[in-house]
Amino acid sequence: MRYQISGKQIDIGEALQTHVKSELGEIVEKYSQRPTDATIVFSKAGHEHVCEATIHLSTGLNAQAKGHASEIYAAFESCREKMDKQMRRYKRRLRNHHSNRTEPVEFGFGASYILAPTEEPDETDTAPLQPVVIAEMETRIPSITVGEAVMQLELSGQKFQVFRNEGHGGVNVVYVRDDGNIGWIDPRNA
């Protein structure tokens, strides 16, 4: 497994890197058979240290966790415990996730844009509002089932997941509703 351990304006020593590799290695080996890489970022937020970890699995799933503490090792331990809890919760599904899949998850690519906020129009301004694109990136869109998309949403801690539905090839979205339930948008069924 490849590790990318870095710090935002913090010097990360060899001892911490070795500790992170051994602890995360144990978790991943226990719950997932085929990890590919892990990204761990340490930073400071006020008086606290923050540890953010993302583990990419060969199944196409990502597990994310974030921990806060006054000490850097304690921040990592908090993050590690959350990651352990997530992986334990989904252990059976992670191991059997692609048992009936003969090929790895396919990823398509789509454009992703960040738009600048618009200003309030003047009454004398007759030009149409055109948002300014301040960033343009390429993003990966997995081709997975709805159940896999919901699991990815729960593992990643994000608010929504865009994916290509394996059942019919259309683009779908699953999202966390305000009431805590999961919503599914399938334009094909509209």
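Read-outs: derived from the displayed coordinates by stated rules, not from any lab. Keep in mind the model is a prediction, meaning the values are calculated, not measured. No Cβ is skipped: glycine too gets one built from the backbone with ideal geometry, and neighbour counts run over all protein chains shown.
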### Cut-off under 5 Å, modelled amide H: who pairs with I141 long-range
G108, F109, G110
### Query
Which order results if I144, I5 are arranged by neighbouring Cβ count within 10 Å, fewest first?
I5, I144
## Note on the structure
For region 15-21, Karplus-derived ³J(HN,Hα) couplings (6.51, -1.76, 1.60; θ = phi - 60°; whole Hz; x for glycine and proline) come out as 4, 5, 4, 5, 4, 4, 4
#### Entry: ³J(HN,Hα), Karplus 6.51/-1.76/1.60, whole Hz, each residue of region 2-9, x for Gly, Pro
8, 10, 10, 10, 9, x, 8, 6
### Query
Looking at region 2-96, how many pairs of lysines come closer than 29 Å at the Cα, when each pair is eight or more places apart or spans two chains?
22
### Task
Please figure out what share of the DSSP beta bridges in region 2-96 is antiparallel and state it in percent, rounded to the nearest 5.
75 percent
### Summary
Along principal axes, largest first, the alpha-carbon spread of region 2-96 in whole Å comes out as 41, 22, 19
